[in-house]
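Here is the structure we will look at, set down as structure tokens.
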Amino acid sequence: MEVGDYQGNSLRQRISKMNIKTAFPDASNQMVTLVREGPLFILTMKTGENRFNTKFIEALFGALDEIEKVREQEDGEPATLITTGEGKFFSNGLDLEHALTTPGFFDDYYLKLLIRILTFPIPTVAAINGHAFAGGFMLALAHDYRVMRNDRGFLCMNEVDIPSPLHPGMAAIVRIKMTPKVYRDCILQAHRFSAKEALEKELVEGIASESELLEKAKELGLKCAGKAKAGAIYGLLKQEMYVEGIKYLSLQIELKDAVIRSKEDKIAQLQEALIAYKDALIKSQKDLIAVLKDYPKQPTKDDCNWIHTSQANPYEGKGKKKIFFAFFKWFFI
């Protein structure tokens, strides 16, 4: 079968056999695996329901980093990312308890994951092996193309049933990827799209049985892989296509970064002020020592009787400031 400009087997032969890391975060804890078949990078999520928490997203970031590291050495070669799961779940969305109790989860992890997949600099295909709900459906939509298992699983944005608001950036992605009527039913009705409906509504490019799903994704991936020869331009084109979604997804992250920068600037200013204050204290101490050298003995109460009586001031002519320093030393030292 001819695929793009090359035969499928020819494509595989053109790609060098680089050693890549295959388990993330590591071999003893395989939350995500990465397998390479010629130009295809097959990423498999392996945590059961594949609910998103910080550790799982870090594992996904690790796999994406590995792909980009390979691409740096093979720039201009065909490539496609295929993302899938195992069993009856593609992804069941967020680990809600973790997401709501972990500071920075949305800004530093989940939203960045969506942006990264949405703008990944090679073609991307989601092989939806089962249910894709809420945040899991969002991940599938962030891919360029989707194929879906035809005998199990639904696509659903169920925020209205939780109930939960939808981040403007996430809403923008959904809006970009479907027609207005489908978007309305998806968001306001939490409609569950079967594989057949998803194909009819053009949410997916194809459907297949469980045993044939990955092969169908590979077929589509090979067809698209040659376009990765555009290199960084491929990712830039995606940024232009999805500018609205990226804008809203990035806005909250940028605001948080601005607040952090503002705090860092204030801390730096405070540190400078403290250093200046410390320098001033050191100078004052040196000045005090210099002044006190004029007074070899500690003042006594008799020396200070001028404060309460008409007795002549023993320090007359020395200045009030010098008198204060002398009294300061007598009282505190």
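Taken as a whole, the structure leaves residue 54 outside the set of residues that are surrounded by fewer than 15 Cβ atoms within 10 Å (Cβ to Cβ) and modelled with pLDDT of 95 or more. Taking segment 58-133 as the region of interest, the strands (runs of 3 or more DSSP E) fully inside it that hold 3 or more residues being of a type in the set (S, T, N, Q) are 80-84. Out of all the residues in segment 84-99, is one or more within 21 Å of residue 39 (Cα to Cα), in the same structural domain as residue 22 (by TED's automatic domain parsing) and touching a helix residue (DSSP H, G or I) at 6+ places or on another chain (Cβ under 9 Å)? Yes. I'd like the full set of residues that are free of Cβ contacts under 8 Å to residues at least 60 places away in the same chain, more than 12 Å from residue 187 (Cα to Cα) and among the polar types (S, T, N, Q), limited to segment 128-167. Once the filter is applied, which keeps residues that are free of Cβ contacts under 8 Å to residues at least 60 places away in the same chain, more than 12 Å from residue 187 (Cα to Cα) and among the polar types (S, T, N, Q), segment 128-167 yields only 150.
Cβ-Cβ contacts under 7 Å between residues 6 or more apart (or on different chains), taken from a first residue in segment 19-30 that is closer than 9 Å to residue 62 by Cβ to a second residue that is of a type in the set (Lys, Arg), are absent. Spot the failing condition for residue 50; the list is (1) without any contact (Cβ under 8 Å) to a residue 60 or more places away in the chain; (2) among the polar types (S, T, N, Q); (3) at positive phi, and only one is missed. Here residue 50 clears every test but (1).
For segment 198-222, the tally of residues that are touching a helix residue (DSSP H, G or I) at 6+ places or on another chain (Cβ under 9 Å) and surrounded by 15 or more Cβ atoms within 10 Å (Cβ to Cβ) stands at 10.
Determine whether segment 24-36 contains at least one residue that is at pLDDT below 95, in contact with a helix residue (DSSP H, G or I) (Cβ under 8 Å, 6 or more places away or on another chain) and either among the charged types (D, E, K, R) or within 29 Å of residue 156 (Cβ to Cβ) (or both). So far as segment 24-36 goes, no, none of its residues is at pLDDT below 95, in contact with a helix residue (DSSP H, G or I) (Cβ under 8 Å, 6 or more places away or on another chain) and either among the charged types (D, E, K, R) or within 29 Å of residue 156 (Cβ to Cβ) (or both).
Residues considered: 170, 138, 148. Of these, the only one that is surrounded by 19 or more Cβ atoms within 10 Å (Cβ to Cβ), in the same structural domain as residue 42 (by TED's automatic domain parsing), in contact with a helix residue (DSSP H, G or I) (Cβ under 8 Å, 6 or more places away or on another chain) and part of a strand (DSSP E or B) is 148. Hey, does segment 223-244 have a residue that's at pLDDT below 95, acidic (Asp, Glu), surrounded by 12 or more Cβ atoms within 10 Å (Cβ to Cβ) and in a helix (DSSP H, G or I)? Yes, segment 223-244 contains a residue that is at pLDDT below 95, acidic (Asp, Glu), surrounded by 12 or more Cβ atoms within 10 Å (Cβ to Cβ) and in a helix (DSSP H, G or I).
Here's the yes/no breakdown for (1) more than 27 Å from residue 230 (Cβ to Cβ); (2) of a type in the set (S, T, N, Q):
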residue: 23; (1), (2): yes, no
residue: 47; (1), (2): yes, yes
residue: 50; (1), (2): yes, yes
residue: 53; (1), (2): yes, yes
residue: 64; (1), (2): no, no
residue: 73; (1), (2): no, yes
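Note on segment 173-197: residues that are buried (at least 16 other Cβ atoms within 10 Å of the Cβ), hydrophobic (A, V, I, L, M, F, W, C) and touching a residue at least 40 places away in the same chain (Cβ under 8 Å) amount to 2.
Among (1) over 21 Å from the mean Cα position of the chain (by Cα); (2) modelled with pLDDT under 95, there is one condition residue 201 misses while meeting the rest; what is its number? Result: residue 201 fails condition (2) only.
The values are calculated or read from the model by the stated rules, or taken from the named source; none is laboratory data. This structure is a prediction, so every number in the text was calculated from the model and none was measured. Cβ: placed from backbone, ideal geometry, glycine included. Neighbour counts: every protein chain shown.
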